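Structure record follows, encoded as structure tokens.
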Amino acid sequence: MDIIAAAVAAFEADGFRGLGVDRVLAPSGASTRTLYKHFGSKEGLVLAVLEERHRRFAEALEAAAPEGAGEGSGAEPVAVLFDTLRRWLGEHGARGCMLLRARAEYAGASDEIVALVRRQKQEFRALVATRVAAALGREDARLATQIWLLFEGATAAASVAEPEVVEAAKAAAAALLGAARGAAA
């Protein structure tokens, strides 16, 4: 098991800041010296884990949405976001957003981690806006924010409720899109 995979599993199970480096590294068999050589510090490893997690989710979204998926294509670009989330939660568990959990633990302790999470969330919000524009055939920043909030809320709610809340969020997003389409007609 590589260091990042072991760290993802450890951080998912036990959080970030309260977890000792030895416990994070044990499943990978890596030494503390190896951690410092490749990542500089535990915080550097956390940054690498968050980058990897963000990249993997972005790849899952990209793989799930064929280019040109828009109105009439059979693949609603906004619905694909929620379908991807449902599959992701099935594969990785419904524990809430790892990025936001890291941000909460490192708020006030690491400006770099907080800034990374902010950037990643802004990137995702922009992706949602792109999907909303593809679904509507026009930009709608307010609607994009509403659907982004539904997505983030579904991610959090799935950790304390049944993962089916993702389907409820998807239905709410579809209703918002339908209303926006109707208002434009």
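The values are calculated or read from the model by the stated rules, or taken from the named source; none is laboratory data. Source: prediction; values computed, not measured. A quick note on method: Cβ atoms are made from the backbone with ideal geometry, for glycine too, and the neighbour counts reach across all protein chains shown. To get the accessible areas, we keep the full protein, side chains included, count just its heavy atoms, and leave off ligands, DNA and RNA. Shrake-Rupley method; radii C 1.70, N 1.55, O 1.52, S 1.80 Å.
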Legend entry - Failed condition for residue 27, given (1) closer than 17 Å to residue 159 by Cα; (2) modelled with pLDDT under 95: (1)
Legend entry - the range 88-101, residues that are assigned to a helix (DSSP H, G or I) and either farther than 19 Å from residue 148 by Cβ or without any contact (Cβ under 8 Å) to a residue 24 or more places away in the chain (or both): 90, 91, 92
Inset, instruction - Give the residue that is surrounded by the most Cβ atoms within 10 Å (Cβ to Cβ), with candidates limited to residues of the range 6-21 that are part of a helix (DSSP H, G or I) and touching a helix residue (DSSP H, G or I) at 6+ places or on another chain (Cβ under 7 Å). - result: 7
Legend entry - Test: residue 58 is modelled with pLDDT under 95, open to solvent by less than 50 Å² (accessible area, probe 1.4 Å), farther than 18 Å from residue 123 by Cβ and in a helix (DSSP H, G or I): no
Legend entry - Subset of the range 23-38 (residues that are touching a residue at least 12 places away in the same chain (Cβ under 8 Å) and outside any loop (DSSP other than H, G, I, E, B)): 23, 24, 25, 26, 27, 28, 34, 35, 38
Legend entry - Residue count for the range 85-114, restricted to those that are modelled with pLDDT under 95 and among the hydroxyl-bearing types (Ser, Thr, Tyr): 0
Legend entry - Residue check, residue 117 part of a helix (DSSP H, G or I) and modelled with pLDDT under 95: no
Inset, instruction - For residues that are not in a helix (DSSP H, G or I) and not charged (D, E, K, R), scanning just the range 142-185, find the one that is surrounded by the fewest Cβ atoms within 10 Å (Cβ to Cβ). - result: 185
